[in-house]
Structures are given as structure tokens and as C-alpha cells.
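The values are calculated or read from the model by the stated rules, or taken from the named source; none is laboratory data. Owing to the predicted nature of the structure, the values given are computational and were not obtained by experimental measurement. In this analysis, Cβ positions are derived from the backbone assuming ideal geometry, glycine residues included, and neighbour counts consider all displayed protein chains. Ligands, DNA and RNA are stripped out before the accessible areas are found, and what is left, the full protein with its side chains, is counted by its heavy atoms. Shrake-Rupley method; radii C 1.70, N 1.55, O 1.52, S 1.80 Å.
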Amino acid sequence: MADERTLTNGKAREENFTDLTVEEKKSTNETPRTPRIALNTYKGIVFPPHVKPEFIEGVQSMKFHPDDIIIVTSPKSGTHWMVEIVHLLLADGVWENVRRASMKYHVEGGISSMDTMKSRSPIRPFYHELDKMDSARVMTSHLPLHLLPPGIFEAKAKIIYLARNPKDVMTSYFRFVTHTPQGDYFTWDKLLNNVFTDQNIYGAWDKHVLSYWKVRHLENIMFLKFEDMKTKQRECVASIAKFINHPISQDVLDDVISKISIDGIRKEMARLEETSKDGNQYGRAHGAVSYYRKGIVGDWKNCFTVAQSEQFDRELQDRLHGSGLTFDFE
């Protein structure tokens, strides 16, 4: 039946997770088990193990500077791609001049590794390290707007919010998380059921995105869409350079555009792994799971069944109704 098939190029076909591991395929149907590591809850919202409630509270008093740049996303919306673009702009297109220390972990996160997470060893907050770093810092966060540190707005630091269509967000998140210790907890059905609730990691997807969409007119906020970054790349990258007050020549813009393809960034991550003692912290979560998989629009067709897609579209339309926010899905 069509309801039991996934979508590819607008047509139904038999379910095919060809680029998933055996463990990933199995987890789409199994009842979720107790995760090997504990997730955290703060003010009713679920957070990953390395984001502890005390870290979220502690970062509220962090000092920010006017030349700081904070890249905010709902998880799996192109965070690290945007980070590399911003860093490369600031380095005038030269990979070797990129200063990455401030992007090892999220502002609200803890300094950890995969081994630390498995062993439940103590982790320490990353914002203590950020306090020691010189400006201008490029930082990342997945925090919803109401939990973002007030110091960002007091300093009028630059916020770049990158949104991505939620079907691709869910597909990317599912394929990412199954390689982490949290994978025992998440099945595809669980992600579908949680995406619009605060049981979703970092909170309901629609609340997260709409909170930033509603303040997009503030002078220190730039709201971008992943899909536009793919189809209007030159225009978007030029607008980012202007927003962060770093004018660039057309030659530098050409250079940056030539380097920020998924293959170009993978090549740079490979160079870092060979030349830097902690290079894999930038290209891999906890030093193990790659942040860069496909980076395309429309991969959701390989995960959603027809029935799931139609139901999701109805609910998404209700939740975004009247906001003026729309997304491209292919």
C-alpha cells in the first residue's frame, strides 16, 4: 500500500534506507529502550546529555561583545556549514587563517567526548573557556530564544539564525543520532511524535523557529533558510559578509563560494584531522560522528511514508499558519 512506502522524486516507492547501517534500520521499528546515557530536562524542555541545566543557567550571566557572532539553529539545520562559511569570510577565504577555538562546542554545552558520555564522567561548561577567548568570537547555540543569554542582546552581538525545512531536519537528526549513545532512545516514530512537543531535543521545532522568525527585524538578527543558502548561495553569502561587518572583494567572494560545497568542507575537515591534534572536534560530534553527511534538500523522501508526509504537512500548515514563514521541501 502507498501508506507503507517512502517518497522519492514525488513518487511512492518501497522503503529504502540504503545509506543507513543495520542498527539504524533496526531502530526504525523497535520500541525505544532506555538510553545508555541520561537526557536532561530544563523548564520542561529536553536537552542532550552534554547540556546540563546548570550550564544553561550559568551561561545566562556570560558577557558578550558587540563583535561576537552567534550562529543559532534548531539541531541539524546546517549549523556547522554556516559556521564554516562565517569563519571563511572572516579569514578572507583562507582556510589556514580560520580561528576555530570558539566553535568546538555550543555556548550552552559541556566539554566532553564520546568516551566521556559513555562513562558518565564529569564534564565542565564550555562557556568558561569562551570567557577566556579574545574577540571576535564565532559561537554556536541551539537554545530557543527565551533561553538565549541576555548579554547577547545587551551587547548587540550578531545573531545568525539558520532554519531548515523540518522534514529534512528530522531525517538528518535521525541518521545522526543513531550513531550516538542517545540512539537507543530514538526511533523514527518517536521523532515524528515528538517534533512539535518539548520532548523534542531543544524543544518543539515550530516554537524554536517561530520565536526567532518573529524578531527577525531586530538590527542584530539575520534570519536565513538552508534552502535559500543552496539556491541563492552567492547572494546569501554576500549578505552574511555585510551583516557581520566584514566587507569582501568579489575575488574573495568567489573563493569562498568555491570552497563551501559539502565536498570542499569535507576536504578541509580531512586536512584538519591530519594537521590538528583536535581537528576532529570541528568535523565530528564528540570526535566520532561526522557533522557532514549529504547537505541536500529533499532527503526526507527516503524516510517519510506517504501517510506520514501528508499528516506532517497538515500539522505543519496549522502551526505556521499566519506567520508568513514558508519552506521549500525539494
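Two-decimal Rg/Rh of segment 151-278 from alpha-carbon positions, Kirkwood Rh? Before the final figure, lay out each step's value.
On the way: Rg = 17.8 Å, Rh = 17.5 Å.
Rounded to two decimals, Rg/Rh equals 1.02.
Report the net charge of residues surrounding VAL252, where surrounding means a beta-carbon distance below 14 angstrom and charges are Lys +1, Arg +1, Asp -1, Glu -1.
Working: positive: ARG234, LYS242, LYS259; negative: ASP92, ASP251, ASP254, ASP255.
Spelling it out: positives minus negatives among the neighbours equals -1.
Of LYS190/LYS267; LYS52/LYS207; LYS158/LYS190; LYS43/LYS214; LYS158/LYS225, which pairs sit farther than 27 Å apart, going by alpha carbon to alpha carbon?
Numbers: LYS190/LYS267 34 Å; LYS52/LYS207 21 Å; LYS158/LYS190 35 Å; LYS43/LYS214 22 Å; LYS158/LYS225 17 Å.
Where the Cα-Cα span goes over 27 Å, the pairs concerned are LYS190/LYS267; LYS158/LYS190.
Computed with every protein chain present, the accessible area of TRP95 is close to 20 Å² [probe 1.4 Å]. The order of ASP318, ASP168, ASP131 by accessible area, most exposed first and with a 1.4 Å probe, is ASP318, ASP131, ASP168. Applying the Karplus relation 6.51 cos²θ - 1.76 cosθ + 1.60 with θ = phi - 60° to segment 312-327 yields 3J(HN,Hα) values of 4, 4, 5, 5, 5, 4, 4, 6, 9, 4, x, 7, x, 8, 10, 9 Hz, where x marks Gly and Pro. Counted residue by residue at 0.36 nm each, then reduced by the alpha carbon distance between them, the extension gain from SER249 to ASN193 reaches 15.5 nm. Here the label points at THR231 and HIS146, each 7 Å from Cα along the C-beta direction, are separated by 3.3 nm in the simple model. By how many nm would the segment from LEU39 to SER135 lengthen if fully extended, with 0.36 nm per residue of separation less the alpha-carbon distance? Once the chain is fully extended between LEU39 and SER135, it gains 31.3 nm. Label point 7 Å out from SER239 along Cα-to-Cβ: which residues of segment 143-167 have amide N under 15 Å? Only 159-164 fall inside the zone, counting backbone N under 15 Å. For ARG137, the residues whose modelled amide H falls within less than 5 Å of its own, excluding neighbours fewer than 5 places apart on the same chain, are ASP68, ILE69. Between segment 215-236 and segment 124-171, the alpha-carbon centres lie 16 Å apart.
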